Amino acid sequence: MEYLQVTVVTTTEASDLVSCLLIDEGSEGVTIKDPSDITELLKSGIIWDYIDDSLLTTDKRVYVSGFFDVKKDLSGIYEGLEELKKNCEFGVGSLEVTTSLLHSEDWENVWKQYYKPIEIGKVVIVPKWIKRKADEHTEVLIDPGMAFGTGNHETTSMCIRLLDAIDLKGKSVCDLGCGSGILGISAVKMGASSCVMTDIDRQAVDAALDNVELNGVGDKVKVIQGDLVASENKFDVVIANITANVLIRLSSMAGELLNDGGTIILSGIINALADDVLQAYKDLKLKQRLKDGEWQAFAFEK
């Protein structure tokens with residue numbers, strides 16, 4: 001099946017109006033590529049991840065795309081854009097229109113060929129559609145449709161390796177910035193008695209909830225949307241696979257999150273900021289340090 005993609009070049013201010021026009025013309029949804037979204041996110045101070053350099057661009061144009069039947073008459077779209085250009089009180093950009101055909105080719109399933117089970121120590125991360133013979137590994141099922149963490153990235157695999165070195169039996173765990181939930185779920189399936197997962201991203205929370213259900217650990221896991229866990233909560237193990245700057249901010253309350261003798265696992269640390277993180281956590285005992293490519297991870301004990 002083919003779809004007609006209609007893309008309009010506009011401005012941040014006019015993107016909502018262009019989106020409404022395309023939806024009124026029959027598009028079931030729109031996509032918006034707006035460089036200012038990245039700029040505002042960086043300014044907000046709440047981002048928990050690194051920004052790929054490819055997303056930082058000097059092109060300030062905004063691209064709004066709608067999706068239609070290939071036989072769609074575009075005259076209504078052109079007329080609406082012309083009216084917008086005449087009547088809008090702020091800049092709307094060029095309103096240049098481009099079209100292209102999208103071939104579905106069952107793309108929903110084609111991408112699955114790139115996901116295979118990943119063995120990390122005693123854990124094996126398995127895409128939910130793959131059936132494998134049970135063995136000595138702890139199997140964690142994952143739906144990688146929303147790529148918040150699938151075990152492929154070095155920062156995730158180092159966290160699992162550090163978890164693997166801990167006796168998790170009966171331990172309480174907190175997974176800060178949980179993404180897909182892969183780390184908290186792994187901890188529970190490796191023996192932890194409970195896990196609280198948090199993330200600021202609603203889509204990540206939804207993905208984590210889906211994966212919790214997929215692994216049948218809902219009775220031991222709580223997933224919440226938010227920044228940091230309230231200080232009155234204490235855990236035996238805390239996992240934070242986020243960015244170095246956020247980890248440094250977290251250091252001031254790390255002791256309050258941990259029970260005596262507890263462990264905090266930190267990852268998502270680029271090599272250039274590793275010493276800064278070590279300095280921030282100097283009051284805790286460094287138990288283990290891992291390095292993989294451009295990334296490092298630490299395990300500290302209270």
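Before moving on, here are some points about what is shown:
- With the simple spin-label model, which puts each label point 7 Å out from Cα in the Cβ direction, the HIS137 to TYR78 separation comes to 5.6 nm.
- Set LYS71/LYS128; LYS220/LYS291; LYS131/LYS189; LYS33/LYS222 screened for pairs whose C-alpha atoms are more than 26 Å apart: LYS71/LYS128; LYS220/LYS291; LYS33/LYS222
- Extending 7 Å from the Cα toward the beta-carbon at both SER36 and ASP260 defines two label points whose distance is 5.5 nm.
- Choice from VAL237, VAL64, VAL188 with maximal GNM fluctuation in the chain (Cα, 10 Å cutoff): VAL64
- For the listed peptides 6-12, 220-226, 85-91, 289-295, a ranking on the average number of other beta carbons within 10 Å per residue, highest first, reads 6-12, 220-226, 289-295, 85-91.
- Calculated [θ] (222 nm, deg cm²/dmol) that DSSP helices of n ≥ 4 give over the chain, each run adding -39,500 (n - 2.57): -8500 deg cm²/dmol
- Amide H within-cut-off set for LYS287, under 5 Å, with H built and near neighbours excluded: ALA299, PHE300, GLU301
- Anisotropy class of the chain from Cα gyration tensor, a/c 1.5 cut: prolate
- With each label modelled as a point 7 angstrom along the Cα→C-beta vector, the ARG289-LEU214 pair spans 3.5 nm.
- Straightening the chain between LYS169 and LYS222 buys 17.3 nm, computed as 0.36 nm per residue apart minus the Cα-Cα spacing.
Any read-out appearing in this document is the output of simple, stated calculations on the displayed coordinates, not a laboratory observation. From a predicted model like this one, the values you see are computed outputs, not experimental measurements. Note that we place each Cβ from the backbone using ideal geometry, even for glycine, and neighbour counts take in every protein chain shown.
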